[in-house]
Amino acid sequence: MVKLVVVFLLLLHTLMADIVKNDLQYETSPYLKQHETNPVHWMAWKKKAFDLAKKENKPIFLSIGYSTCHWCHVMSEESFTNKHIAQLLNKDFISIKVDREELPQIDSYFQEIYFKTHKRRGGWPLNVFLTPNRTPFFISTYLPPKRESYSEGLDTLLPKIALEFKNDYKSILLDIQKMKNSSTFAVSENKAISVKTLSESLLEEYDSDNGGFGNGKKFPQAAKLSLMMDLASLTKSKTLFNNSYKMLDAMALKGLYDHVGGGFYRYTSEADWEIAHFEKMLYNQAELIPLYARAYDLTRKPLYASVVRETVAMLDKRFLHDNYYFSASDADSKNGEGAFFTFTKKEINDALQKNVYKEELEDSLGFVTEGNFRGRVHLNFYTESRPKGFKAFRDELLKIQSKRQFPFVDKKINTAWNAMMIEALYKASSIDIKYIAKADKHLDKLKTLMFDKGELYHQTLSGLKPTQKGLLEDYSFFIAALIAGYEVDYDNEKLNFAIYLLSQAKAKFYKNGMWYLSDDGMKISDSLTDKYYTSPVSKMLQNIIKLASIKESFKYDKLAEKTLKGIDNKLRVMQSDAPAAATAYLMQHLKVVTVKSNKKNLLKECRDIKKIKYPYVVKRSIEEKRYLGCTLRTCFAIENSIDKLIESIDNSKGRF
C-alpha cells in the first residue's frame, strides 16, 4: 500500500512538473488565463515586459485575441502549445498576450495599423512584431505553424524576423517607414456629406441578392443598418426601406440566428447568411435588439417582436448572473465547432416526425435537411416568416439540446457591453413594458459595481472588485443607457448622472479637439470605423447632440460642432463606412427634434411618439399640458394632441 502511494505521488510530481505557468498566471482575464500554461513565456501588456525587451534588445511578439475566438483557439493549439514554436519565441522574442476586450484601445490601435498596411479589415488573432520601443514593423492575423499556400509558417518566419532584427535593422526601419506612409484616407474623391451621398454609398455596398452589406463574410453591421433605416425615413425611399427589412429578415431567418436557443451568432462565413461562426457576443445582441424593436414599431411584424423576446431570454439564461451580463460564449464545445448548435440529420427527422406541419417545415428548411455544416444540419428558413409548426419543432430540438453541455462562457463583466444591453432593454420596452424595470435593475447593479469614488471602471470578474479605470467606450455607452432610461421614465437622476459622466469623460479623454480611447498616456485616438460594434467617439458624439437638445445647452452644441470639425475630412472620405459618425452628422445638421410635454402625457403617448417617421427625436418632460416640437433654438409646433404634433413633425420633412 505504501509503495502504491509513493508511486502515485511520484507520478503526480512528474505531471505537475510539466505544468509550468508563465506570467499570465497573475492575470484575471479569462483569455490570458487560457494561455498561462503554454510553454511560451507569455507576459502581459505591462512595463515589466517592455523593460525586459529593451534590456535584452529583443523584438516583441504581440498576440491579440479574446477568450471565445475560434481562430485564436486554433492558433493556440497549433502553435502556442507547440514546444518547438515556443522555443523559437522564448529564445529571440519577448512574447506579450493582450485580451482585446480588456484593452480595446490597444486592439483598436493595431487594427487601424493592419487596415492601413493591408487595405482591408483585420480580425483575431492579430499578431504584431514590434521593436523594443513598441514600434510595429510586421503585422498579420492568423499564422500557421508551418508554411501553407496562404502564409509562411511560424517555424520559418520567427527565425527570419529574429535574424533580420539582429543583422539587418535597416530593412526593419524601411518596413516601419512603409507602415507610417500607408494612409487609410489617401483617396482623391472627397464628397460632401449629405443624405444623398450617404444613401448612394450604402446602395453601392448593399448585397441585393442576399441582403446585408458586402459580398464576403456577413456581419450584422448594426450601425450601418441603423443609418439605412434613418435614410429610408428621411427620403421615403422604398428601396432603402425594402433593403432594411430584407436584411432584418435574412438575419432573423437564416443561419446568423439561433432558431433553437435564440440570439445571434457573431457572423456568417459566406455572403448568403447560411453558415454561422457560432460565437455569441453580448454586444451583437445589444446592438441588434433595438433595430428589431424599431422595425416592429414600424411594421408590427410578429417575427421582429419574437426575435427581441427570444434574444433577451437567451441572454438571461446563458449570460446573466446576479443582474450582470457576461461577455460572450464560445463557438466550440465538446465535439468541436458548432456542435452544440447543429444537429444530425436523424435528430432533425425525429423532431419533424410528429409535427402536423412536417411537409411545410421541410419545404421552408430547403436543402438544409440534407446537412450543410460538416455533415450536420445548421438551421436556415427560406421563407419570409416562420412556418407553421415552428414552435413544436423547436421544442423537440430543445429537448435534444438539453442533453448537451453549453460552450464556454467568458464571465467577464464589461461596463460598455452591459450598458449597451441596458440601453437595448429600454428601447425594447415598446414590445414589453417589463423591460423598463428589468433595465433599471441592471443599471443600478452596474453602477454599484463599476462606479466608485467618482470613477467609472472598465471590467471585472464576478466576485472581484474592479481595478481597471474606465475607457472612453465605457463612458460613451453608459451615458447612452442613461439617456435611453430617461426617455422612458423621465427620471432626472438618470439625466443628471449622464451629465456628470460626460463632464468626467471630457476631462479624461478630450484633448485639443480630439477624443482619445483612454487616459493612460497611450494617446490612441478613436477610429470612426464601427468595427465589431459602434465607435465609442461616434456614440459619444450622438450622446452630446442628444443632451444638447434635451438640456437646451449651447455648450454641448459647441462641443458637438468642434468634435465634428475634427473628424470632418475623414468622414467626407469614409461616408457610410463610418455609419455612427454619419448618423451624428445628420443629427447635428438636420437637427434633433425634442418632443416636450408633462411626464403624464409623455408616458401615456409613448407608443404614438415612436410612430414619428423623422428619425432624430428625443423627449423631455416639462410642466406643460400641450405638446411642443422644438429644435435647440426654436419651438416650431405647439399642439393640443400628440397626433397633431406628429403630423407637424413629419410634414416638416426635416426642414426645421
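Filtered by the rule that a residue be open to solvent by 20 Å² or more (accessible area, probe 1.4 Å), within 17 Å of GLU279 (Cα to Cα) and out of contact with any helix residue (DSSP H, G or I) (no Cβ under 8 Å at 6 or more places or on another chain), the range 314-340 gives ASP316, LYS317, ARG318, LEU320, SER333, LYS334, ASN335, GLY336.
Taken together, the residues in the range 511-541 that are open to solvent by less than 30 Å² (accessible area, probe 1.4 Å) and within 13 Å of SER476 (Cα to Cα) amount to 13. For beta carbons closer than 8 Å, sequence separation of 6+ or different chains, a first residue in the range 321-347 that is without any contact (Cβ under 8 Å) to a residue 40 or more places away in the chain and a second that is among the hydrophobic types (A, V, I, L, M, F, W, C) and open to solvent by 10 Å² or more (accessible area, probe 1.4 Å), the qualifying pairs are THR342/PHE373. Report yes if some residue within the range 468-490 is modelled with pLDDT of 95 or more, on the phi > 0 side of the Ramachandran plot and either within 21 Å of the chain's Cα centre (by Cα) or open to solvent by 10 Å² or more (accessible area, probe 1.4 Å) (or both); otherwise report no. Yes; the residues of the range 468-490 include at least one that is modelled with pLDDT of 95 or more, on the phi > 0 side of the Ramachandran plot and either within 21 Å of the chain's Cα centre (by Cα) or open to solvent by 10 Å² or more (accessible area, probe 1.4 Å) (or both).
Examine the range 276-295 for a residue that is crowded, with 23+ Cβ neighbours inside 10 Å, aromatic (Phe, Trp, Tyr), modelled with pLDDT of 95 or more and touching a Gly at 6+ places or on another chain (Cβ under 8 Å), and state whether such a residue exists. Taking every residue of the range 276-295 in turn, at least one turns out to be crowded, with 23+ Cβ neighbours inside 10 Å, aromatic (Phe, Trp, Tyr), modelled with pLDDT of 95 or more and touching a Gly at 6+ places or on another chain (Cβ under 8 Å). For ASP440, the conditions (1) farther than 30 Å from ARG300 by Cα; (2) open to solvent by 10 Å² or more (accessible area, probe 1.4 Å); (3) without any contact (Cβ under 8 Å) to a residue 60 or more places away in the chain all hold with the exception of (1). Only residues that are of a type in the set (S, T, N, Q), under 19 Å from PRO136 (Cβ atoms) and under 29 Å from the mean Cα position of the chain (by Cα) were counted in the range 39-74, giving 1. Residues in the range 370-409 that are in a helix (DSSP H, G or I), open to solvent by 20 Å² or more (accessible area, probe 1.4 Å) and within 15 Å of VAL260 (Cα to Cα): LYS391, ALA392, ARG394, ASP395, GLU396, LEU398, LYS399, ILE400.
In the range 410-424, the count of residues that are of a type in the set (A, V, I, L, M, F, W, C), closer than 30 Å to TYR490 by Cβ, touching a residue at least 12 places away in the same chain (Cβ under 8 Å) and open to solvent by 30 Å² or more (accessible area, probe 1.4 Å) is zero. Pick out the one residue from ASP92, ASP99 that is touching a Gly at 6+ places or on another chain (Cβ under 8 Å) and under 16 Å from ASN127 (Cβ atoms). It is ASP99. The set of residues from the range 243-273 being buried (at least 21 other Cβ atoms within 10 Å of the Cβ) and in contact with a Gly (Cβ under 6 Å, 6 or more places away or on another chain) comprises MET247, ALA250, THR268, TRP273. For the range 258-297, the tally of residues that are over 16 Å from the mean Cα position of the chain (by Cα) and closer than 21 Å to VAL409 by Cα stands at 6. If you go through the range 491-507 and keep only what is in contact (Cβ under 8 Å) with a residue 24 or more places away in the chain, open to solvent by 20 Å² or more (accessible area, probe 1.4 Å) and over 25 Å from LEU603 (Cβ atoms), you end up with GLN504, LYS506. For the range 342-356, a tally of residues being part of a loop (DSSP other than H, G, I, E, B) and open to solvent by less than 10 Å² (accessible area, probe 1.4 Å) returns 1.
Scanning the range 56-73 for residues that are open to solvent by 10 Å² or more (accessible area, probe 1.4 Å) and farther than 15 Å from GLY123 by Cβ gives GLU56, ASN57, LYS58. Just to be sure, is THR311 touching a helix residue (DSSP H, G or I) at 6+ places or on another chain (Cβ under 6 Å), polar (S, T, N, Q) and buried (at least 19 other Cβ atoms within 10 Å of the Cβ)? Answer is yes for this residue.
The values are calculated or read from the model by the stated rules, or taken from the named source; none is laboratory data. Computed from a prediction, not measured in an experiment: that's the story for all the values here. Note that each Cβ is placed from the backbone with ideal geometry, even for glycine, and that neighbours are counted across all protein chains shown. Side chains are part of the model used for accessible areas, which takes the heavy atoms of the whole protein and leaves out ligands, DNA and RNA. Shrake-Rupley method; radii C 1.70, N 1.55, O 1.52, S 1.80 Å.
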